[in-house]
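Okay, so here's the structure we're looking at.
Please treat every number below as a calculation from the coordinates, not as lab data. Everything numeric here is computed off the predicted structure, so don't read it as measured data. Glycine also receives a Cβ, built like all others from the backbone with ideal geometry; neighbour counts cover every protein chain displayed.
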Amino acid sequence: MKKSKKISIWSLLLICMFLIPLTSAVNEEIVSTTSFDDTTPPVTTCELEGEEYGGNYFGPVTMILTATDDESGVKSTWTFYHLDGGAGYWEQYFGPRTYLGIKEHKIEYWSTDNAGNSEPHNTIIFNIIEKFPIPSLQCTGSLSWTDVTPGDTIVGSLSVENVGEPLSLLDWEIESYPDWGTWTITPESGTELADGDTLEIGIEVIAPDDQNEEFTGEIKLVNSEEPDDFCIIQVSLVTPVSQQSLILQIFERIMERFPNAFPLLRLLLEL
């Protein structure tokens, strides 16, 4: 018959002296990893990937949510979202989601950090369209100047408008303008002119030095994406006849009428 071993009181005291500090250290470690002084909510950002056109998307759109918190951190499963109201239910975010519906969409999303702080709900709205809308160029203006003193600066304007399909964006440019005088056109090009919008273009010209001349030409504006879509503005400028030139013309006509008269005057005028 075996004798049972009894643990002496001294042995129990030794065991307690060893376990108490160890238990205390473990408890401190647990507390340090599960309690936070963090009172700041996390920040969640939403990135949309797809073929973008003027703030709209053509085809599939992929949503990517990223939550950050510099203090307690955020668990990957503590980000929530729903699309277009989500029938009142929130979904946990586990990775990128792709949407296809051709219409305007609204995504709401938010996160909670490891300390239990929740951020306010965020919202992003985007629109998926069926096809790229086609812009169309239209321009108007009248650039006709008369009795312009040579060397003078004259001004005018014309306008360019996008008369294309709804949601279309027009990129345009000045392709050519007259080569007489000195031209300043502001602006000479533009991008993403929305459908129905009109832009005024300023024109400034220093007139040529030639007297008694009529200058003509045209300004051509084109759709940068579709060169066959263009418009033409006709231009004309007339400089006046100087008094000296007018007198000379009168004498020339007199000499033509009386070819044998005033021989000395003819010699002086080399007529």
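The table below gives the values:
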{"item": "R0 of 41 Å, Cβ-Cβ distance residue 136-residue 213: FRET efficiency to nearest 0.05", "result": "0.65"}
{"item": "15 Å beta-carbon shell around residue 186, net charge (K/R +1, D/E -1)", "result": "-4"}
{"item": "Cβ crowding within 10 Å averaged over residues, with 218-225, 190-197 ranked highest first", "result": "218-225, 190-197"}
{"item": "Least to most buried among 69, 209 (fewest other Cβ within 10 Å first)", "result": "209, 69"}
{"item": "Ranked packing of 111-122, 144-155, 44-55, most packed first, by mean Cβ within 10 Å", "result": "111-122, 44-55, 144-155"}
{"item": "Compactness relative to 2.2 N^0.38 Å, alpha carbon Rg of segment 137-240", "result": "1.16"}
{"item": "Positive-pole candidate from 238, 223, 203, dipole of segment 137-240, charges at beta carbon", "result": "238"}
{"item": "Karplus-derived 3J(HN,Hα), 6.51/-1.76/1.60, for each residue of segment 122-128, Hz, glycine and proline x", "result": "9, 9, 9, 10, 9, 10, 9"}
{"item": "Net length gained if the chain between residue 48 and residue 234 were fully extended (0.36 nm per residue, minus Cα distance)", "result": "62.3 nm"}
{"item": "Dipole magnitude of segment 43-129 about its Cα centre (Cβ charges: Lys, Arg +1; Asp, Glu -1), debye to nearest 20", "result": "300 debye"}
{"item": "Kirkwood Rh, angstrom, segment 43-129 [1 / mean 1/r, Cα pairs]", "result": "13.5 Å"}
{"item": "Charged-residue dipole, Cβ positions (Lys, Arg, Asp, Glu), segment 76-118 about Cα centre, Debye nearest 20", "result": "120 debye"}
{"item": "Reachable aspartates and glutamates from residue 75, criterion Cα separation under 18 angstrom, eight or more residues apart if same chain", "result": "37, 38, 91, 113, 119"}
